[in-house]
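Taking it in order: structure first as structure tokens, then the write-up.
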Amino acid sequence: MKGSPMNQVHTTHRMTLSIEGMSCGHCIQAVTNALAEAPSVRVMSVGVGEAEIEALSRSVADDAIAALGEAGYPARVAAQTPEAALTQPQSGCCGGPKCSCG
């Protein structure tokens with residue numbers, strides 16, 4: 001069916017964030033929680049001093065960065081994958097190679 005959510009795609013932006021003030025597991029959890037609450041952001045990984053996220057737009061990522069700053073962890077984009085390389089179905093499917101959720 002043309003135009004159905006299964007056939008539509010959206011572009012995401014994958015970014016590596018450089019995050020200041022992290023030194024322990026508690027910091028990792030606090031950053032993970034702050035990013036998880038940001039709308040339209042998928043947390044890929046979080047480690048001391050950095051996080052990898054996917055966001056629907058750069059402005060969405062900027063909002064997540066602002067939320068980290070409010071939580072006491074100033075952050076900036078350290079690297080970004082070109083948006084055209086990350087197109088995924090809107091079906092809610094994770095898109096993994098062995099995925100059966102879509």
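Electrostatic bookkeeping for Arg42 treats Lys and Arg as +1 and Asp and Glu as -1; over the other residues with beta carbon under 10 Å from its beta carbon, the sum is -1. With the simple model of a label 7 Å out from the Cα in the direction of the Cβ, Glu20 to Glu70 spans 2.0 nm.
Computed from label points 7 Å out along Cα-Cβ, the spacing between Ser40 and Val77 is 1.4 nm.
Each reported figure results from applying straightforward, stated rules to the coordinates on display, with no laboratory input. Computed from a prediction, not measured in an experiment: that's the story for all the values here. Ideal geometry is used to build each Cβ from the backbone, glycine not excepted, and the neighbour counts take in all protein chains shown.
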